[in-house]
1. Return only the number of the condition from (1) assigned to a strand (DSSP E or B); (2) open to solvent by 20 Å² or more (accessible area, probe 1.4 Å); (3) not acidic (Asp, Glu) that Pro286 does not satisfy.
2. Please return the ranges of helices (runs of 4 or more DSSP H) entirely within the stretch 296-349 where 1 or more residues are hydroxyl-bearing (Ser, Thr, Tyr) and open to solvent by 30 Å² or more (accessible area, probe 1.4 Å).
3. What residue, of Ser233, Ser239, is in contact with a strand residue (DSSP E or B) (Cβ under 8 Å, 6 or more places away or on another chain), of a type in the set (Ser, Thr, Tyr) and either free of Cβ contacts under 8 Å to residues at least 12 places away in the same chain or under 30 Å from Ala89 (Cβ atoms) (or both)?
4. Is it true that some residue in the stretch 367-380 is among the basic types (Lys, Arg) and either in contact with an Asp or Glu (Cβ under 8 Å, 6 or more places away or on another chain) or within 20 Å of Leu128 (Cα to Cα) (or both)?
5. For the stretch 206-226, which residues satisfy the criterion of being open to solvent by 10 Å² or more (accessible area, probe 1.4 Å) and farther than 25 Å from Ala125 by Cβ?
6. Across the stretch 167-199, what is the number of residues that are without any contact (Cβ under 8 Å) to a residue 12 or more places away in the chain and either buried (at least 19 other Cβ atoms within 10 Å of the Cβ) or not in a helix (DSSP H, G or I) (or both)?
7. Examine the stretch 258-277 for a residue that is part of a loop (DSSP other than H, G, I, E, B), of a type in the set (Val, Ile, Thr) and more than 19 Å from the chain's Cα centre (by Cα), and state whether such a residue exists.
8. Among all residue pairs at least 6 apart or on different chains, which show Cβ distances below 7 Å where the first residue, located in the stretch 345-358, is over 17 Å from Leu174 (Cβ atoms) and the second is acidic (Asp, Glu) and modelled with pLDDT of 95 or more?
Amino acid sequence: MTERTKANLAAAAFFAACLLPAVGMLLPERTAAANQALAPPPSPTKPDGSWNLDFLQDTTDYIGDHFALRQELITAQAALEAGIFRSSAEDSVLLGRDGWLFYRETLPGYLHTEALTERQLYGTAHTLALVREYAAGQGAELLFTVAPNKCSLYPEQLPAVGTPLDSAGDIDRLRPLLEQEGVPYVDLFAAFRAQPDVLYHRLDSHWNARGAALAHDTLTAALGRDNPFFPGSYQVTRSHRGDLYEMLYPTGTELDENIVFDRPFTFTHVKEPRSPEDQRIETANPARPGTLLMFRDSFGNSLYPFMADSFGHAVFSRAMPYQLSMLDEAGADTLLIEIVERNLDWLATRAPVFPAPERGLNGEPPLGDARARLAVSDDGTLPGYCRMEGTLAGAVDDSSPIYVQLGGSLYEACPVGSGECPFTLYVPEAFLAEAAQVLYLSNGTLYLAAVS
């Protein structure tokens, strides 16, 4: 073979390698790994019919997300960086010790570097107290719990990330406020820390099936229900595909250990879910009493079967913000709210949807120095009601409730939302014609705020 022929073959191989990813886009595409959101196909026009001036950028984004062998190349690069440099090729994933993986987003919570403000902590606790009041009016008992971050339970498996600040973590700061507000809270941190066994997946951000069983037993014990699963007899399988592993190695083949209990579940699905990720899952178990409405997140994927086994009827919702009208729809006598530690800030920024409670007022408070901004919208989430949200600027007590007066009616707002000293409430549409007044506490004294 001549040198010229070798050069031509080398050039042909080079151009073929360059064209392969583009030509491969004509073939069926592998589904996205983990929770990846890939760019949609570009369109030269927008939904309103106008020209899409970002068409070229959208095309670049689409090709970057969909070229052939993309996930295989990402996996190869991640394995190379992890094996040689001990670094993660995926910003969201942190390489731990002994092959453990952690969700990087949980590090600020572990290090106490992005703490909630005192106002946000109060807003969270007081809003949950208002939810409890509303649930009680619907004949339901509230129970609130927080699923621990993996690094909060197993910090010895973290890499060298620094030492947590001396200040307490958000959940430790929130707990006494929940007690003050009368919010029933179940401490899963203590329950998990009391166990010598590892109850979270090595390659995943969530608890394993034994961890879910322990969470179930701890929650149902607080409700006075006797249906324990933990520790139980079980089989160990290597069948779980970790979410963190999939994010880092989208075409990798390593599987994590999981637990399969010998005891079978006895509940049935009212409608078979497509996956545990479904927004709504409904179950029935005639052998058990009671009806449960559970607002949950991804930690509920493995927890919900255990809870379903302990209630005659259960509805599991991933709605956020929480739609409390579902209490009446489900006929629930128990309301369980579960949220992972890393998302505690959601409770301080996303107000639940329910009618604002009416309050009484004696006398006319004086005008204070604080100024309120107020906006009204009909978001359609609560028929017959409109959403009012606003902020207060000025000297407002960290533990001040906030009220909105419309004509002769006084409503208490959830002290959560976006912006400085936020508040949110749902009021009857019929009262919107009334001029709104906002009331707050400053140094323990009730004042009116100037509304703009």
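1. (1)
2. Fully inside the stretch 296-349 and qualifying: 300-308, 344-349.
3. Ser239
4. Residues of the stretch 367-380 among the basic types (Lys, Arg): 371, 373.
Subsequent filtering for residues that are either in contact with an Asp or Glu (Cβ under 8 Å, 6 or more places away or on another chain) or within 20 Å of Leu128 (Cα to Cα) (or both) retains none.
There is no residue in the stretch 367-380 that is among the basic types (Lys, Arg) and either in contact with an Asp or Glu (Cβ under 8 Å, 6 or more places away or on another chain) or within 20 Å of Leu128 (Cα to Cα) (or both).
5. His206, Asn208, Ala209, Arg210, Leu214, Asp217, Arg225, Asp226
6. Of the residues in the stretch 167-199, the ones without any contact (Cβ under 8 Å) to a residue 12 or more places away in the chain are 172, 176, 179, 190, 194, 196.
Now restrict to residues that are either buried (at least 19 other Cβ atoms within 10 Å of the Cβ) or not in a helix (DSSP H, G or I) (or both): 194, 196.
Residues that pass the stated criteria total 2.
7. There is at least one residue in the stretch 258-277 that is part of a loop (DSSP other than H, G, I, E, B), of a type in the set (Val, Ile, Thr) and more than 19 Å from the chain's Cα centre (by Cα).
8. Ala356/Glu412; Pro357/Glu133; Pro357/Glu412
The values are calculated or read from the model by the stated rules, or taken from the named source; none is laboratory data. Only a predicted model underlies this, so the values are computations on that prediction, with no experimental measurement involved. Please note: Cβ atoms are built from the backbone with ideal geometry, for glycine as well, and neighbour counts cover all protein chains shown. Just so you know, the surface numbers come from the protein's heavy atoms only, side chains and all, with ligands and any DNA or RNA stripped out. Shrake-Rupley method; radii C 1.70, N 1.55, O 1.52, S 1.80 Å.
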